[in-house]
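Working notes, beginning with the structure itself.
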Amino acid sequence: MTSYLLRDARPLGGDPVDLLLRDGVIVEIGPDLDADGAVVVDAEGLVALPGLVDLHTHLREPGREDAETVLTGTQSAARGGFTCVHAMANTSPVADTAGVVEQVWRLGREGGFCDVQPVGAVTVGLKGERLAELGAMADSAAGVRVFSDDGICVSDAVLMRRALEYVKAFDGVVAQHAQEPRLTEGAQMNEGALSGELGLVGWPAVAEEAIIARDVLLAEHVGSRLHVCHLSTRGSVEIVRWAKSRGIDVTAEVTPHHLLLTDDLVRSYDPIYKVNPPLRTADDVAAVREGLADGTIDIVATDHAPHPMEDKECEWSAAAFGMIGLETALSIVQESMVDTGALSWEQVAEVLSARPARIGRVREHGRPLAVGEPANVVLYDPAATRTVVPGDTASLSRNTPYAGRELPGRVVATFLRGVPTVLSGELTEGVHA
Ligand SMILES: [Zn+2]
């Protein structure tokens, strides 16, 4: 097996040092290491982070292979610096049985670009009527620990309570898409003065906040673990902050787009900005940034949501919700959090790697950059800049909201178990054991 010497990398943005990767692990860290037959990668000026872990990715396979496949989605993930992604359950068929989650898990392994940790559905067919086979999915080869009906809220309080109780048996977590359905019927954008002005049905903050408030109380009542998907409002941050102060076992995520973009973009009526939950106000953006900086929000998760052109290039009301985001996530976090002084690179490693791995109970990812640890590493050039070109992606879809925008940073290399999936900014052949 080829070994790699990362010369003069800056682990977590610190002082330059060499890292030697061999047989899937980091075998040596120190100054001026002997190459000893290893391939030398010039990492001068590059920040080294543990391979990124996404808790919220839509890979669309099985069922919508025109939008994304496990292979293309994991290639896109590798280009974004990820070594592990959690694949959401809203596929067709739905990932609500051991058979489907094992298929998705295996496709990830066979692809060799990024480990895929399937998320299991909470309810059969995402219908919100009865619990799916949570135990069978947990016991399967995929070892599912995260359960979510994402895209749809588990709005029935009794079902949500049962799910929270059930997953305790195997240390699982319910990841809730917090959206009160009755308050958001036909909703198209954030509810506010602007939705009235534009004549689009509003998606009020209270529809998110009411479910989060209910769920943290349920989690406290049954003593279980709750994860809040893509939190997007100031009120949601305040509720999670309150819940944590009470000792409730809740974690929360924010997406890169909710850290950067606001509902003002909807003025264009360009459905590229249509997403669920919707882009919110500048005040909400400030609140989620503060929440991420002070640890109220635990992680950044992409909610990478690929859609074919015909589902996005149509009138606003008919367009699908969602944006792709794996290849821009780290740059958006740099722009919104690092370059603004809100987070250090060490903290970026926490919110984009260590904590999502911990929430998902993934043991081989999100580990420190230390001798003896798995060689899952990303090399990132924070001084680079690039203009986003929608076609320049490994994803099958092009629905990025950042087209034409100049972003900081570039992923130079990604290593999965010591083998590059991306090198010199280009995809390799992947990892094939
Ligand atoms: Zn969602």
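The table for this structure:
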{"item": "Every pair of residues 6+ apart whose Cβ atoms lie under 6 Å, when the first sits in region 322-333 and is closer than 19 Å to Pro382 by Cβ and touching a residue at least 12 places away in the same chain (Cβ under 8 Å) while the second is assigned to a helix (DSSP H, G or I) and charged (D, E, K, R)", "result": "Glu327/Arg79"}
{"item": "Residue identified as among the hydrophobic types (A, V, I, L, M, F, W, C), touching a Gly at 6+ places or on another chain (Cβ under 9 Å) and part of a loop (DSSP other than H, G, I, E, B) among Ala383, Ala394", "result": "Ala394"}
{"item": "Test set (1) in contact (Cβ under 8 Å) with a residue 40 or more places away in the chain; (2) more than 16 Å from the ligand (Cβ to nearest atom); (3) under 29 Å from Ser92 (Cα atoms) - His56 fails condition number", "result": "(2)"}
{"item": "Residues located in region 303-354, provided they are outside any helix (DSSP H, G or I), among the polar types (S, T, N, Q) and crowded, with 18+ Cβ neighbours inside 10 Å", "result": "Thr328"}
{"item": "Residue in region 136-147 that is outside any helix (DSSP H, G or I) and within 16 Å of the ligand (Cβ to nearest atom) present", "result": "yes"}
{"item": "Enumerated helices (runs of 4 or more DSSP H) restricted to region 222-302, each holding at least 2 residues that are over 17 Å from the mean Cα position of the chain (by Cα)", "result": "234-245, 282-293"}
{"item": "Any chance Thr91 is away from the ligand (no atom under 16 Å from the Cβ), touching a residue at least 24 places away in the same chain (Cβ under 8 Å) and over 19 Å from Ala357 (Cα atoms)", "result": "no"}
{"item": "Condition met for Ala243 (closer than 25 Å to Ala89 by Cα and in contact with a helix residue (DSSP H, G or I) (Cβ under 8 Å, 6 or more places away or on another chain))", "result": "no"}
{"item": "Qualifying position, being within 16 Å of the ligand (Cβ to nearest atom), hydrophobic (A, V, I, L, M, F, W, C) and at pLDDT 95 or above, among Ala282, Ala320, Ala287", "result": "Ala320"}
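The values are calculated or read from the model by the stated rules, or taken from the named source; none is laboratory data. No experiment lies behind these values; they were computed from the predicted model shown. Cβ atoms come from the backbone with ideal geometry, glycine included; neighbour counts cover every protein chain shown.
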